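Written out below as structure tokens is the structure these notes cover.
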Amino acid sequence: MIDTPEVDYDFFVPFDKAAEIDGKANLTKTSTWISSTLKRKSVVANNTSESKVAAFSFDALIIAEGEWSPSSKKIGVEKTIDRFNQAIGVVVNLDYDANDKDQAKLQSFHSSKLKGKWREGPLGELEKANIHVENIEYLKGTTHYIVITVEKRTLLEKGVVRDASCSPFLDKTNVDTKALYDLGRDISTNIGLPTSTKFCDQNSVQIFDFSTRARCIHSHLWLGCTTEKDTHAESHLDVDISNTPKLEAGSNFVQVPVFPVGDALLEPFWPQGLGSNRGFHGAIDAAFACLVLKEQGFEECSKERNLAYWAMNLYAFKSIVVQPEKNWNTDPLARYSAFVMDQARKTSKSEVPKRIADHKFTGSTSILR
């Protein structure tokens, strides 16, 4: 732990300012940094009841609070918003009773209208019931999990949405909850689940608009920290890593990394894979960056995190992106494919870690053949 009992966190430093990821971005949203967010000195020294916040020493801050989390807003995380054609998802969660033969025989599946003969499967059954969807995924685990991309006309015809001209379209006042649950029941029944299958107690039926995707422009940022003995450190800070002072023994300047993960880092966009994929690997990448911070310092930590974020977003999340899971550990080299890591190294707009720059990616181009 870094012993900084009287540190003020008064400013942040974003790195990887040039990072851009695939997808047309037409809106950038920046939160305003609130300098009192982590004002530790007043809490530690005074311990007043006014703040009612406990103070903890830490070497890194990982934010896993979802899109536009309170911490992200206060710290000043900059995000870009990708806009797409209107796309609306409905999620249905039902309890799985393994003793029910009808429930037990239904197997997990995925179906899309982009595939031939879709009318012969679950999508065809839904179409007959006037439930028009673009794709569906059903997963059976401890629950029945159904997720669909539903067409706007279905929501209007089924009475789920009251007014087609309402903005936002899925405003709470514009959604009929009972009709939404009825739609959820119709979906589950038409894919083969008995009408007696119970909805889960929590998050049973949900509807959301994924026409936009928020993603962090920077894979992480740094909190610049000064002690009372050094009141001029702020003037030395810069978004360019080459201009920032080095952390040395006895220095009054400390840098603490902030790593958004999960939806706080990158919202899912279903055509590019479920959010759990990137959410899982993004969190592990942040953990690995913390290890690099401890062993090699903040410069290599930044390089590693930037490159892993770039690699994770180069392509739609399919088998081309990751290695077989039996090879996985926290190191991105053990999880992302040789092809993707090699392409990330060649196309990255940030400085690449030395170990990656010198690495020989055997057979890294064979995937394209």
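A few remarks follow.
- Accessible-area order (highest first, 1.4 angstrom probe) of the listed residues Trp222, Trp310: Trp310, Trp222
- Shown in residue order for the range 345-359 are the 3J(HN,Hα) couplings computed by the Karplus curve 6.51 cos²θ - 1.76 cosθ + 1.60 at θ = phi - 60°: 4, 6, 9, 4, 8, 10, 5, 8, x, 4, 5, 7, 4, 8, 6 Hz (x for Gly and Pro).
- Placing Phe339, Phe199 in order of accessible area, with the largest value first and a 1.4 Å probe, yields Phe199, Phe339.
- Net length gained if the chain between Gln202 and Ala104 were fully extended (0.36 nm per residue, minus Cα distance): 33.1 nm
- q = 0.20 Å⁻¹: log10 I(q)/I(0) that the Debye formula gives for the range 87-203, counting C-alpha atoms only: -1.11
- Amide proton proximity set for Val205, modelled H, under 5 Å, gap of 5+: Asn93
- Cross-link pairs beyond the 28 Å C-alpha cut-off, checked among Lys318/Lys360; Lys79/Lys158; Lys113/Lys158: Lys79/Lys158
- The phi-based Karplus calculation (6.51 cos²θ - 1.76 cosθ + 1.60; θ = phi - 60°) puts the 3J(HN,Hα) values of the range 256-261 at 10, x, 10, 10, x, 9 Hz, whole numbers, x for Gly and Pro.
- For Tyr96, the shell of other residues with beta-carbons less than 10 Å away shows a net charge of -1, using +1 for Lys and Arg and -1 for Asp and Glu.
- Gyration tensor verdict on the range 144-222 (Cα atoms; rounded if a/c is under 1.5, prolate if a/b is larger than b/c, oblate otherwise): oblate
The values are calculated or read from the model by the stated rules, or taken from the named source; none is laboratory data. Since this is a predicted model, take the numbers as computed values, not measurements. Neighbour counts are summed over all protein chains in view; Cβ atoms, including those assigned to glycine, are modelled from backbone coordinates with ideal geometry. Calculation scope for accessible area: heavy atoms of the full protein, side chains included, ligands and nucleic acids excluded. Shrake-Rupley method; radii C 1.70, N 1.55, O 1.52, S 1.80 Å.
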